[in-house]
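Take a look at the structure below.
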Amino acid sequence: MRRRAADFRRPVRRRFAYWIWLLLGAFSLAGLVLFFLQHHHRDYRVHSPFLERNAKVENSAKRLNFTEEILSATSFSRQLSEQMVLAKAYVIIAKEHNNLHLAWELSSKIRSCQLLLSKAAMTGEPVTMEEAGPVIKSLSSLIFKAQDVHYDIATTIVTMKSYIQALEERANKATIQSTVFAQVSAEALPKSLHCLNVKLMADWLKVTSRQKFSHESRISPQLTDNNLYHFCIFSDNVLATSVVVNSTVINANHPKRFVFHIVTDGINYGAMKAWFLSNDLKGATIEVQNIEEFYWLNESYAPMVRQLHNPESRAFYFGPYQGVNVEPKLQNPKFVSLLNHLRFYIPEIYPLLEKIVFLDDDVVVQKDLSPLFSLDLHGNVNGAVETCLEAFHRYYKYLNFSNSIISSKFDPQACGWAFGLNIFDLGAWRKANVTAKYHYWQEQNADGTLWKLGTLPPALLSFYGLTEPLDRRWHVLGLGYDLNIDSRLIESAAVIHFNGNMKPWLKLAIGRYKPLWHRYINQSHPHLQDCATG
């Protein structure tokens, strides 16, 4: 009778083990995601001792690929990992049934597994049989002991599901928190850049001759000469703007034919003027304007200005988006900055120009851009590089197609494109009245139901059917977040774009790409040397 009872219990145990392993897959995956995110978040606050330790780990990885080791069916690391995951499940179940002694024993053996695995990862040497044998044997014994307790399977499944759900919630919160800290780091002005701004502003205020010369340069005939190559940059970052201009003129075949129209805010206007008046740019013409002098950009004309002053719209822009449950980048003030939305008013700012190239302040130019002005846009307004090689960059990812205003007029599978390098035919722009279309869509989205914050969604709507695809080599994106861009693609690119949080002027920049930006900084400038030393 005993043998028959034992035989009867075996299928039950097998079903029990089956459900445990099924649930543990999701359980362990959520745990690993949480572990990664927590450690990823810490990287933003890393100090030199941790950097040294990370360097040791990198060196050890050359001797042992720990990922391959833990995936190998014959390795002791794999056995330890599997036993540890199963033991963790039984710890939870034991605690639920108030069997605290068993939970303590299992936890003790789990710590032994963790120590062995950590040692292997740090030293780069595999776990040996002598090290793993006793731990695996004792842990197996405890797991069999836990199985013999015959915990109720239905209760176990419910318990495991609740813990998996809790882990998923923690993982989501960790993701949001990690991105928030990354955004804060990306938006914080480094001390050296603040120092540079202060010194340049002091130069501007104390040298009246520069201000007089600057006023006279505003009436230069080159600013409206359509035989020249015109570029516009809207930015409050002096050093970033200088890199865009410097990299463009250095790689130009005829830099004297290049004209740069820069618009900044009142705070940085003096610093921006002082920088470009004190640097040699190979004969290129520079115009710096203050957005606060654009008196036509007011509430009666621009919906964005009106919405920023409207209490209900301000609740959309600054109220609901302060919580931790919203995409952190939407808390970025640049998404509601008038400088960011100024790209929709280019024909108004430069009424006498026919063509102009728009450049973001986080790009680096590597080739001569003058051929852009001879491209045939086939009657379109905007020449841009499309970004729909991956499904993410289709229209349905940016816009709310559950709203009939969007779904009735646009194709959800239409290809997205990038801001950062754009050639605009301003004659075609005026003819198509694109700015009025932008105003219409901005007003329709006053309550935020059509898209989230930003300038690309309204641009996709305003330039719909008016965008000419450019060769991908004109504009390569992702250097501010993607670690694995093909080097050949970067080398062949006319413009590389550091879009993302890891800007090249920040400490959290991706080291592989940072020299591509730094090579265009005028390191001999005395203020840069003083600020770097300070």
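Values as computed for the structure displayed
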quantity: Residue that is modelled with the highest pLDDT, among those in region 74-107 that are among the hydroxyl-bearing types (Ser, Thr, Tyr) and open to solvent by less than 40 Å² (accessible area, probe 1.4 Å); calculated: SER107
quantity: Some residue of region 381-398 being aliphatic (A, V, I, L, M) and over 20 Å from the mean Cα position of the chain (by Cα); calculated: yes
quantity: Residues located in region 124-143, provided they are open to solvent by 50 Å² or more (accessible area, probe 1.4 Å) and among the hydroxyl-bearing types (Ser, Thr, Tyr); calculated: THR128, SER141
quantity: Options VAL381, VAL385; residue that is closer than 29 Å to LEU308 by Cα, at pLDDT 95 or above and in the same structural domain as TYR520 (by the TED database); calculated: VAL381
quantity: Residues of region 479-513 that turn out to be open to solvent by 10 Å² or more (accessible area, probe 1.4 Å), outside any loop (DSSP other than H, G, I, E, B) and either touching a helix residue (DSSP H, G or I) at 6+ places or on another chain (Cβ under 7 Å) or within 26 Å of GLY454 (Cα to Cα) (or both), as a count; calculated: 1
quantity: Residue among LEU460, LEU453 that alone is closer than 22 Å to PRO347 by Cβ and surrounded by 15 or more Cβ atoms within 10 Å (Cβ to Cβ); calculated: LEU460
quantity: Residue ID - nearest to the chain's Cα centre (by Cα), chosen from residues in region 498-534 that are farther than 18 Å from PHE276 by Cα and hydroxyl-bearing (Ser, Thr, Tyr); calculated: TYR513
quantity: Hey, ILE405 in the same structural domain as ARG306 (by the TED database) and surrounded by fewer than 19 Cβ atoms within 10 Å (Cβ to Cβ) or not; calculated: yes
quantity: Residue tally, condition outside any helix (DSSP H, G or I) and among the acidic types (Asp, Glu), over region 92-134; calculated: 1
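The values are calculated or read from the model by the stated rules, or taken from the named source; none is laboratory data. Everything quoted here is computed from the prediction, not taken from an experiment. All Cβ positions, glycine included, derive from the backbone under ideal geometry; neighbour counts span all protein chains shown. Areas reflect the complete protein model, heavy atoms only, side chains present, ligands, DNA and RNA absent. Shrake-Rupley method; radii C 1.70, N 1.55, O 1.52, S 1.80 Å.
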